[in-house]
Amino acid sequence: MKIGRGSGILLHVTSLPGKFGIGDLGPESRRFVDFLAEAKQKLWCVLPLTPTGTESSPYQCRSAFAGNPLLISPELLVEHGYIARKELRNAPRFPSSHVEFPEVRRYKGALLENAFRSFSGHTDYWTFERKYAWWLDSYALFMSLREANGGACWTDFDPRITAPPDRIRYHKFAQYEFFRQWHELRKYCAKQKIAIMGDLPFYLEHDSADVWSNQQLFNLQKSGLPRTVGGVPPDYFSKNGQLWGTPTYRWDRIEQSGFQWWINRLKAMLEMVDLLRLDHFRGFEAFWSVNANASTARKGHWVKGPGARLFEKVRQELAELPFVAENLGTITPEVEELRCRCGFPGMAVLQFGFDEAGTHRPTHYVPAQVSFTGTHDNDTTLGWWRSVQHAANGRNHREQRAVLHRVKSYFQTNGREIHWLFIQAVLTSVANIAVIPLQDVLGLGSEARMNFPGRAKGNWRWRFQHHQISRSIVERLRNLTTISGR
């Protein structure tokens, strides 16, 4: 789908409203697509859709290829005849403002088990199973072995324990249903002329099907534990850097195989989305490698990545590469040279635009760019503004007072409706694509923040309620989008 000059909303599927404790691929997702179309948006930006690990972060996934079963819609299970509608009447009273992941896992897991018991297989399922056997078989086996080993990490699997065939089939069924529902939603998006921008994590969770089944591609000890892990050095988000705990790649071995695993991964993602954000793009040029025993990311070092060799090989296989490079943080001339050589647009985040350099200010934007008011890693714009105001009154206030002054000077404002000023700035900029987190459209504060980088627990929980999208908000966004030529 060609997007051209346009704009869109950043909202992860989990943040959709609904009575089942978490956003999903059912009726509420279509209702959100209708809102996007009515507001003249062209893009729905989502976070990674893969199965999540212990802390429910979409950037620490159990598989590079599977879908997250928590996103399966119970209502669509009823429509497809897997479960009776009366089973949905006993749903617990989940909070509407945030996700309680443990409770949701228990409830939706039980529904999926019931659906599986009534599933006997059919032509579409057998076709799915054959088509995706190259990753589905190892994923289903891995998840079944995790269950049989009481949820232990694969390095602690008991070799005497085997996976029950019925549990392998259950995990394949859950994947079939996820992809069936996802592709139906994507068809609805296309009907409404809404493109989907997905998000590809650079690394994978150590306790994942891909690391377990492709150990030779990761920097592991003989025990299977990571030798080095990924992260970033101290930066805007964290004074100690970020230590992700994800094993780093053995790029030498990946290249010896013709980059096939990465080609398969990118190809699979482009079957799901129209545009793909490559998270941590700088890792392809050089990645921050930290000893797995380190307590912080401070003492890591940069290691060269595959650079253009990977993307040249990918282009031979895929022809078009509709990628957006996440080029935030510690970005060197070499990273930008790689991005430009590959022809990928980069990102600009307006909240970063009021430091002394001002490179994220619209005056520095170019057409081949995706401009954001903020991302999932940022505070909401209103929350950010309040924190700047508060910090400017603090003891060590010089830097924040300067930021405050630049914002007021740039927008000629005292801060009233700062979120709409930010929205107007990115929409009217020359950047071909502008993206706004829904929290900014709704004018929400820090209570609606999605993620705190460097904080391990309590993230990814925020949800909105449909009554928050008022008629006046829809009209205001539509009018501003139209007058901005998007």
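Values quoted throughout were computed directly from the atomic coordinates according to the rules given, and no laboratory measurement underlies them. Keep in mind the model is a prediction, meaning the values are calculated, not measured. For neighbour counting, all protein chains shown are included, and Cβ atoms are generated from backbone atoms with ideal geometry for every residue, glycine included.
Phi angles of segment 212-222 translate, via the Karplus equation with coefficients 6.51, -1.76, 1.60 and θ = phi - 60°, into HN-Hα couplings of 4, 8, 9, 4, 5, 8, 10, 7, 10, 7, 4 Hz per residue; Gly and Pro are given as x. Between amide H atoms placed 1.01 Å from N, distances below 5 Å from residue 349 occur with 372, all of them 5 or more places distant or on a separate chain. For the chain, the alpha carbon positions stretch 67, 52, 46 Å along the principal axes, listed from largest to smallest. Rounded to the nearest 20 debye, the dipole size of segment 365-486 about its Cα centre is 240 debye, using +1 on the Cβ of Lys and Arg and -1 on the Cβ of Asp and Glu. Of the trypsin sites (Lys or Arg not before Pro) found in segment 58-161, the ones in coil according to DSSP and having at most 16 other Cβ atoms within 10 Å of their Cβ are 93, 160. Listed by chain and number, the aspartates and glutamates whose alpha-carbon sits under 15 Å from that of residue 191, ignoring those within fewer than 8 places in the same chain, are 34, 38, 274.
Taking amide H atoms as placed 1.01 Å from N in the peptide plane, the amide H of residue 434 lies under 5 Å from those of 6, 7, 8, 371, each 5 or more residues away in sequence or on another chain. Going by neighbour counts of Cβ atoms within 10 Å, the residues 229, 104 line up, fewest first, as 104, 229. Note on the chain: antiparallel DSSP beta bridges, both residues inside, total approximately 40 percent of the bridges counted. Our coupling estimate for segment 452-466, obtained by passing each phi through the Karplus curve with A = 6.51, B = -1.76, C = 1.60 and θ = phi - 60°, is 10, x, x, 9, 6, 10, x, 9, 6, 9, 5, 9, 9, 10, 4 Hz, Gly and Pro reported as x.
The 3J(HN,Hα) values that the Karplus relation (6.51, -1.76, 1.60; θ = phi - 60°) gives for segment 277-291 are, in residue order, 7, 8, 5, 6, 4, 4, x, 6, 8, 7, 10, 7, 9, 10, 4 Hz. Gly and Pro appear as x. Straight-line cross-link reach from residue 40 at under 14 Å between alpha-carbon atoms covers these aspartates and glutamates, not counting any fewer than eight positions away in the same chain: 475.
Computed from the alpha carbon positions, the gyration tensor of segment 118-216 leads to an equivalent ellipsoid with semi-axes of 29, 19, 10 Å, biggest first. Working note: Cα atoms of segment 152-209, range along each principal axis, descending, whole Å: 52, 30, 10. Exceeding 32 Å between C-alpha atoms, which entries from my cross-link table qualify? They are 222/313; 131/457; 267/299. Flagged as over cut-off: 131/457; 267/299.
Of the GluC sites (Glu not before Pro) in segment 235-320, the ones in a loop by DSSP (not H, G, I, E or B) with at most 15 other beta carbons within 10 Å are 271, 320.
With a simple spin-label model that places each label point 7 Å from the Cα along the Cα-to-Cβ direction, the separation between residue 183 and residue 106 comes to 3.5 nm.
Under the combined filter of DSSP loop state and at most 14 neighbouring Cβ atoms within 10 Å, segment 1-55 retains these trypsin sites (Lys or Arg not before Pro): 2, 5, 19.
Short to long, the 5 Å bins of the Cα pair-distance histogram for segment 366-486 hold 2, 10, 18, 20, 22, 16, 9, 3, 1 percent of all pairs. For segment 231-279, the fraction of C-alpha pairs farther apart than 14 angstrom is 68 percent. Over the C-alpha atoms of segment 1-69, the Rg to Rh ratio, Rh being the Kirkwood estimate, stands at 1.02. Counting neighbouring beta carbons within 10 Å and listing from fewest to most, the residues 45, 342 come out as 342, 45.
Calculated mean residue ellipticity, 222 nm, the chain: -11500 deg cm²/dmol, from DSSP H runs (n ≥ 4) at -39500 (n - 2.57) each, averaged per residue and rounded to 500. Amide H contacts of residue 324: 276, 277, 278, each under 5 Å away and 5 or more positions distant or on a separate chain (H built 1.01 Å from N in the peptide plane; Pro and chain starts excluded). Considering only Cα-Cα distances, which of the following residue pairs are longer than 18 Å: 108/187; 86/172; 108/172? Cα-Cα > 18 Å for 108/187; 86/172; rest within.
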